[in-house]
1. What ³J(HN,Hα) values, in whole Hz, does the Karplus curve 6.51 cos²θ - 1.76 cosθ + 1.60 give for region 56-64 when θ = phi - 60°, with x put for Gly and Pro?
2. Any idea how far apart TRP117 and ILE91 come out in nm if each label point goes 7 Å out from Cα toward Cβ?
3. Given 20 °C and 1.002 mPa s, compute D for region 44-151 with the Stokes-Einstein relation, Rh being the Kirkwood radius over Cα pairs; round to the nearest whole µm²/s.
4. For the pairs LYS75/LYS110; LYS50/LYS137; LYS50/LYS75; LYS50/LYS151, flag any whose C-alpha to C-alpha distance is greater than 20 Å.
5. What full-extension length gain, to one decimal in nm, is calculated for GLN100 and GLN59 as 0.36 nm per residue of separation minus the Cα-Cα distance?
6. Describe numerically, in nm with one decimal, the distance between label points set 7 Å from Cα along Cα→Cβ at MET108 and at THR145.
7. Assigning unit charges at the beta carbon (Lys, Arg +1; Asp, Glu -1) and nothing else, what dipole magnitude in debye, to the nearest 20, does region 44-151 show about its Cα centre?
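Values in this text are rule-based calculations from the coordinates and carry no lab data. Remember, predicted model here, so these are calculated numbers, not experimental data. Heads up, the Cβs are rebuilt from the backbone with ideal geometry, glycines too, and the neighbour counts pull from every protein chain shown.
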Amino acid sequence: MCFGFLSREFGTIQHRPKAFNCIDPRTGFFTNAYSASPGMAVNMENVGAKYPATFVDAQGDFLSGSNGYTLNLPKGIPAALFWSVTAYDSITASGLDNGQPFPSLNTMDKPGTGKNWIKTLPGEGYFVILRLYGPTKAFFDKVWTPGDLIKH
């Protein structure tokens, strides 16, 4: 059984049969519930975390390591505590095994250090999660939104 995921527009999208979401329903529930916390479920400013994700680019195509993409995060990322953008393997849902210590960019990365990209794996699918710790009012009011992944 394959579970559909929510897109940016909150509509369901289909996944390929070889993907981490094609699992027994009980396993699917455990996978999503074992690490959940109340802070992930409540909509309170500056508390908990939110994880907007995308599996597709601006054209609606699944993300592929064979392509390059640009993601624009407008000024004022709505995270009071910390934010990160992380790439995950579409089959295992683990962080991409790309040779980098962490397949992510985050608040701790210093501007101007040249770290503004995440290495992907040619021919391999992946998805991206924007982790917002201590999401602010701008997130809940949808005043701030991340850009789409633009293929180039």
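1. For region 56-64, the Karplus-derived couplings read 10, 8, 4, 8, x, 8, 4, 5, 9 Hz, x marking Gly and Pro.
2. So the two model labels end up 2.5 nm from each other.
3. Working: Rh = 14.5 Å.
Result for D is 148 µm²/s.
4. Working: LYS75/LYS110 15 Å; LYS50/LYS137 12 Å; LYS50/LYS75 18 Å; LYS50/LYS151 25 Å.
Cα-Cα > 20 Å for LYS50/LYS151; rest within.
5. Working: separation 41, 0.36 × 41 = 14.76 nm, distance 2.79 nm.
Stretched fully, the GLN100-GLN59 segment lengthens by 12.0 nm.
6. If labels sit at MET108 and THR145, their model points lie 3.2 nm apart.
7. Details: 9 positive and 9 negative charges, 76 e Å.
Rounded to the nearest 20 debye, it is 360 debye.
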